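What follows is a set of notes on a single structure, which appears directly below.
The values are calculated or read from the model by the stated rules, or taken from the named source; none is laboratory data. If you're wondering where the values come from, they're calculated on a predicted model, not measured in any experiment. So basically every Cβ, Gly included, is an ideal-geometry build from the backbone, and we count neighbours across all protein chains shown. The accessibility values were calculated without ligands, DNA or RNA, using every heavy atom of the protein model including side chains. Shrake-Rupley method; radii C 1.70, N 1.55, O 1.52, S 1.80 Å.
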Amino acid sequence: MNSATALPAVEQVPSGQAVVDILVAEGVKAVFGMPGGHVLGIYDALHGCAEIRSYLVRHEQQAPALATGYFQLTGDLAVCLVTAGPGATNLLTSVAEAYVGSIPMIILAGRGATATAFRGASQEVSTEKIFAPVTKWSVRVDRAELLPEVLSQAFRIARSGKPGPVYIDIPRDLLTETIAAPRPNPSRSARLAADERTIREAARLLATARHPLMVAGGGVIASGAWDELRTLAESLAIPVVTSLSGRGSIADDHPLSAGGLGAHRNGLSKRLLKQADVVIGLGTRFEEMENNWRPGFVPSPEATYIQVDIDPAEISRSIPAGLGIVGDLKTVLGQLNLALAEEGLSDPNTDFRNHPRTRDCAETLASIRSELEQKGKVAGDCIHPVQAIRAVGRHLPRDASVAIDVGCLAQHMAGAFPVFEIFGPRQTITPSSFYGMGFASMALPAARIARPDHPAIGFVGDGSFQMVMPILATAAEYRLGVTWIVLNDAALGSIRDIQEHAFGNRILDTDFKLMPDLAALARACHCHGETVRNRADLDDAIARALAANENGQPAVIDIRVDRERLQNTYDHYLFYGRSEP
């Protein structure tokens, strides 16, 4: 071949730069991680990248939590970047949480060099095998030129169908090589429509039901289907209950918003689920904290359960479905609304606000709100957890970001409508049904990255907060002004309750005999910190914390609360002896 017909030279770039070029092409804006010698080639390429900001965590377990919070508030995928061995395995619990919660993310982790593989090299374990059960794809790459192709495939897998994390193991010597510059082909996920005959059957069932009910799960948020959900609810005056991850699918002050499930339910949502003759579940799994495997917490056996999910494996997995619909929720709800209109089953001129079902919701919720106000009116200076939670709510605008951690105080109370109210989608950070203690609290600082102009607070118990306190330094370094509301009863409350009520009050290792000064620890990490013991001091403390946040300073309010529980918690656990199915 002569020079006149020679192919143009292919540009060569460092493999770490090729990795970053793919991240940029895929729209990545945030990388959470901690450098180590095995991944410095990628960090070096990030150093000159204006499109992506890298955030240094204080412990690798924070990285997937922050990536989860970022996704829940934006719908955009983030990347975790860590070194080999313990750098990777420190991610595991948080990655498992993301996997159970169907949160997409890309994990890039270092590995010993290919030349020393399986020879006892430093930090050498088969991490791709460790992560296989808690990721959609876990792969080791052993040739540098394959990195761009594998990474592009990883984004497609993470985002498509039921989303989830992908783990990529990269031997350190691959990042010292140069390879052909990648030609990025950004991934795009198709939206799967449902079978039209099934859609028309679902439309008929809903339109002819006497007591229809909608259950909105995290899939509604992930799919961006909240407008279509509201249109369907209003067209047939169908009350809507939500799972914890579905909070914000419908505004809590919407006339058809009725509450939660299981440990998050109220008197209205409890009754509506019992009465319903047709229930449509939208991207929700009725997991254990929502059904407890007991009658009264799931649709009646006489009801028709319509289940809509992107994953065919979820259909009838927890609750037998009379009609299963596989498809993207935004697309499927659009199909349902169209079918109802074309078949004349819905009337756009009907005023749903005057429908008996809507009026019933409004009247019952007014009574429940009144009862809640009385909960906080206890004698003396004691602080009922509900009083603390509702005081925080009074200080926040409608568009605030909120993280809800696990436990009988944070999750069962702050996670329950109308104790704390949420008014829009992509405002809430929640754990999955893996329920890792402190996970949502680690994710909270991502709120000021994802939604920098909105106040952000998180509710957490004292046990969970003590597990993840290094997140304070991470938030302070990047001036991420968020506030942790610690509902402190000096115990592992949920587990202590079991010992008290099911094991004859034989309490062991669930009371904290020594409680750290959480406010002082916050101040040591350059955060604002206060301890509140009297209810008269609540409002001023909350105001000072939010003011500090506006100046870029994170805050901790350690609120010493009474050991109180709500009826939804009593209902969920039989051992209390106060359950009302």
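Across segment 541-567, what is the number of residues that are of a type in the set (D, E, K, R) and under 14 Å from THR483 (Cα atoms)?
The qualifying residues number 3.
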Kindly evaluate THR198 against the criterion of being of a type in the set (Val, Ile, Thr) and over 23 Å from ILE315 (Cα atoms).
no
Could you look through segment 278-289, keep only residues that are open to solvent by 10 Å² or more (accessible area, probe 1.4 Å) and closer than 18 Å to ILE221 by Cβ, and pick out the one that is modelled with the lowest pLDDT?
MET289
Got a sec? Which of ARG353, ARG317, ARG357, ARG369 is of a type outside the set (Asp, Glu), touching a residue at least 60 places away in the same chain (Cβ under 8 Å) and open to solvent by 60 Å² or more (accessible area, probe 1.4 Å)?
ARG353
Output yes when any residue across segment 375-386 is buried (at least 24 other Cβ atoms within 10 Å of the Cβ), under 20 Å from LEU444 (Cα atoms) and not basic (Lys, Arg), and no when none is.
no
Can we say GLY324 is over 30 Å from VAL402 (Cα atoms), in contact with a Pro (Cβ under 9 Å, 6 or more places away or on another chain) and either part of a strand (DSSP E or B) or open to solvent by less than 20 Å² (accessible area, probe 1.4 Å) (or both)?
yes
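Please state which one of THR350, THR331, THR358, THR304 is more than 25 Å from THR284 (Cα to Cα) and among the β-branched types (Val, Ile, Thr).
THR350
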Any pair with Cβ under 7 angstrom, 6 or more apart, that starts in segment 97-122 at a residue that is within 22 Å of LEU151 (Cα to Cα) and of a type in the set (Phe, Trp, Tyr) and ends at one that is in a loop (DSSP other than H, G, I, E, B) and open to solvent by less than 40 Å² (accessible area, probe 1.4 Å):
TYR99/THR135; TYR99/GLY164
Taking the criterion of being at pLDDT below 95, assigned to a helix (DSSP H, G or I) and either open to solvent by 40 Å² or more (accessible area, probe 1.4 Å) or not aromatic (Phe, Trp, Tyr) (or both), would at least one residue in segment 116-126 satisfy it?
yes
Of GLY504, GLY481, which residue is open to solvent by less than 70 Å² (accessible area, probe 1.4 Å) and closer than 30 Å to SER579 by Cβ?
GLY504
Matching entry among LEU472, LEU487 (being open to solvent by less than 10 Å² (accessible area, probe 1.4 Å) and part of a helix (DSSP H, G or I)):
LEU472
With the requirement that a residue be without any contact (Cβ under 8 Å) to a residue 24 or more places away in the chain, surrounded by 15 or more Cβ atoms within 10 Å (Cβ to Cβ) and out of contact with any strand residue (DSSP E or B) (no Cβ under 7 Å at 6 or more places or on another chain), what does segment 152-198 give you?
GLN153
Can we say TYR99 is within 20 Å of PRO431 (Cα to Cα) and either open to solvent by less than 20 Å² (accessible area, probe 1.4 Å) or in contact with a Leu (Cβ under 9 Å, 6 or more places away or on another chain) (or both)?
no
Just name the residue that is surrounded by the fewest Cβ atoms within 10 Å (Cβ to Cβ) out of those in segment 400-412 that are of a type in the set (A, V, I, L, M, F, W, C) and within 17 Å of the chain's Cα centre (by Cα).
ALA400
Can you go through ASP571, ASP558, ASP497 and tell me which one is in contact with a Phe, Trp or Tyr (Cβ under 9 Å, 6 or more places away or on another chain), surrounded by 16 or more Cβ atoms within 10 Å (Cβ to Cβ) and in a strand (DSSP E or B)?
ASP558
Is it the case that ARG533 is touching a residue at least 40 places away in the same chain (Cβ under 8 Å), open to solvent by 40 Å² or more (accessible area, probe 1.4 Å), within 30 Å of ARG369 (Cβ to Cβ) and over 27 Å from the mean Cα position of the chain (by Cα)?
yes
Scanning segment 299-315 residue by residue, those assigned to a strand (DSSP E or B) and closer than 14 Å to ASP328 by Cβ turn out to be VAL308, ASP309
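I'd like to know if segment 461-468 contains one or more residues that are at pLDDT 95 or above, surrounded by fewer than 24 Cβ atoms within 10 Å (Cβ to Cβ) and over 18 Å from LEU244 (Cα atoms). First the steps, then the outcome.
The first filter runs over segment 461-468 and keeps only residues at pLDDT 95 or above, leaving 461-468.
With the extra rule that they be surrounded by fewer than 24 Cβ atoms within 10 Å (Cβ to Cβ), the set shrinks to 466-467.
From what is left, the residues that are over 18 Å from LEU244 (Cα atoms) are 466-467.
Yes, because at least one residue in segment 461-468 is at pLDDT 95 or above, surrounded by fewer than 24 Cβ atoms within 10 Å (Cβ to Cβ) and over 18 Å from LEU244 (Cα atoms).
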Matching entry among ALA222, ALA303, ALA237 (being touching a residue at least 60 places away in the same chain (Cβ under 8 Å) and either under 26 Å from THR350 (Cβ atoms) or in contact with an Asp or Glu (Cβ under 8 Å, 6 or more places away or on another chain) (or both)):
ALA237
Quickly run through segment 253-277 and pick out the residues that are open to solvent by less than 10 Å² (accessible area, probe 1.4 Å) and either among the small types (Gly, Ala, Ser) or assigned to a strand (DSSP E or B) (or both).
SER257, ALA258, GLY259, GLY260, GLY262, ALA263, SER269, ALA276
